[in-house]
Amino acid sequence: MLSRGLMSTPFGSNICPGRQITQTSSSSSHRWSCILKPDFDGAVDELRIFWRSRSSPPCGLCLDPPVFIHYAMFGLNRLSSNLLKRATVYSKRHSRRGLYSNLRQVININGLRACQSVLNIGAGGEIDRVLRAEGIDFISLDIDAARKPDVVASMGQMSVFGDGQFDAIFCMEVLEHVTNPFQAVAEARRVLRPGGVFVGSTPFILGTHDAPYDFFRYTKHGIELLFREFEKDLLIERNSYFDAVAVLPLRLFATATKRERERLAIKFPLYVVTTWWLTLLGRGIQNSSCTTGYFFVFRRPLEAKYG
């Protein structure tokens with residue numbers, strides 16, 4: 001007996017709402033076949049029902065052709081999804097390699113845990129977690145209210161703060177998103193006390209991210225120009241030439257569209273191998289003309305004047 005449409009089953013009623021279900025009765029088992037939509041919504045539950053309803057071990061040869069095809073597609077979809085998650089995390093970790101260790105060293109060397117007033121420009125994310133883990137008590141500022149900063153404002157217009165209010169400022173991976181970087185750095189200098197420390201980082205060779213709010217890339221000389229009214233304590237490359245090249249294909253997972261990332265996920269193992277070889281090559285050939293980004297520490301001079 002063959003019936004179609006929504007129906008009550010031995011495993012519950014209306015188990016596949018919105019889908020066509022086929023029931024085949026036999027003396028040994030009930031076989032349920034769910035003809036899935038291409039988006040695979042609810043496919044996990046449907047396939048679990050299918051397998052549990054069988055009295056014999058699963059075997060691809062005894063599946064109805066439509067079910068076998070959709071089951072195979074579902075498996076590939078799950079594999080792609082898992083690879084995508086791992087690839088996105090791995091790519092970001094690789095592109096920021098050394099960033100957090102440098103940040104912790106600067107905090108220790110400069111005794112920044114003892115600062116009474118600290119500003120973190122750019123709220124949320126991994127930087128917030130690292131600073132809190134290091135015992136830094138700070139006020140967060142961001143132009144995006146969705147990030148839930150303490151103060152919603154632009155780095156270039158921090159009139160809510162007084163002159164020389166902060167002992168230290170952290171500005172990690174933010175300057176590339178600022179529309180007027182010279183004005184923003186001048187504002188940071190104003191709210192930083194004389195002798196105060198500005199700790200920052202910014203990408204150089206890196207794909208567009210957070211579009212359409214990714215505006216600039218800075219060379220080492222461009223950073224020195226931006227902070228020409230400061231004293232330079234540290235300005236270093238995050239990695240070398242081949243390390244930076246190795247990051248580019250991996251960062252596609254973090255910056256590409258969802259559809260593009262799904263296609264790239266299957267090729268993720270190939271990218272990992274390529275990255276490994278480029279990194280190995282970079283250990284033998286050190287060249288600082290190309291880097292993923294820069295990490296820097298500048299200090300406001302004690303005799304600095306506002307203006």
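The values are calculated or read from the model by the stated rules, or taken from the named source; none is laboratory data. These figures come from a predicted structure and were not determined experimentally. Cβ coordinates were reconstructed from backbone atoms using ideal geometry, including for glycine residues, and neighbour counts include every protein chain displayed.
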Q) Considering only residues of segment 175-234 that are of a type in the set (S, T, Y) and crowded, with 16+ Cβ neighbours inside 10 Å, which is nearest to S289 (Cα to Cα)? A) Y218
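Scanning segment 78-110 for residues that are in a loop (DSSP other than H, G, I, E, B) and either modelled with pLDDT of 85 or more or charged (D, E, K, R) (or both), which turns out nearest to the chain's Cα centre (by Cα)? Explain how you work it out, then say what you get.
Residues of segment 78-110 in a loop (DSSP other than H, G, I, E, B): 96-98.
Filter again for either modelled with pLDDT of 85 or more or charged (D, E, K, R) (or both), leaving 96-97.
Working: R96: 10, R97: 13 Å.
Once the filter is applied, the top-ranked residue is R96.
If I filter segment 193-213 for residues that are acidic (D, E) and assigned to a helix (DSSP H, G or I), do I get at least one hit? Steps first, answer last, please.
At the first step, the residues of segment 193-213 found to be acidic (D, E) are 210.
Next cut, assigned to a helix (DSSP H, G or I) only: none.
Scanning segment 193-213 turns up no residue that is acidic (D, E) and assigned to a helix (DSSP H, G or I).
Would you please name the residue that is modelled with the lowest pLDDT, looking only at residues in segment 256-307 that are among the polar types (S, T, N, Q) and buried (at least 20 other Cβ atoms within 10 Å of the Cβ)? Before you say what the answer is, go through the steps one by one.
Step one: of segment 256-307, the residues among the polar types (S, T, N, Q) are 257, 274-275, 279, 286-289, 291-292.
Retained after the next criterion (residues that are buried (at least 20 other Cβ atoms within 10 Å of the Cβ)): 275, 291-292.
On the way: T275: 72, T291: 86, T292: 85.
The residue in question is T275.
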Q) So which residues in segment 116-144 are in a helix (DSSP H, G or I) and either touching a residue at least 40 places away in the same chain (Cβ under 8 Å) or among the aromatic types (F, W, Y) (or both), if there are any at all? A) I127
Q. Taking the condition basic (K, R), out of contact with any strand residue (DSSP E or B) (no Cβ under 6 Å at 6 or more places or on another chain), free of Cβ contacts under 8 Å to residues at least 24 places away in the same chain and not in a loop (DSSP other than H, G, I, E, B), does R113 pass?
A. yes
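Right, R251: at pLDDT 95 or above, among the basic types (K, R) and over 20 Å from S101 (Cα atoms) or not?
Working: at pLDDT 95 or above: no; among the basic types (K, R): yes; over 20 Å from S101 (Cα atoms): yes.
So R251 fails the test.
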**Q.** Identity of the residue in segment 273-299, out of contact with any helix residue (DSSP H, G or I) (no Cβ under 7 Å at 6 or more places or on another chain) and of a type in the set (G, A, S), that ends up farthest from E224 (Cα to Cα)
**A.** G284
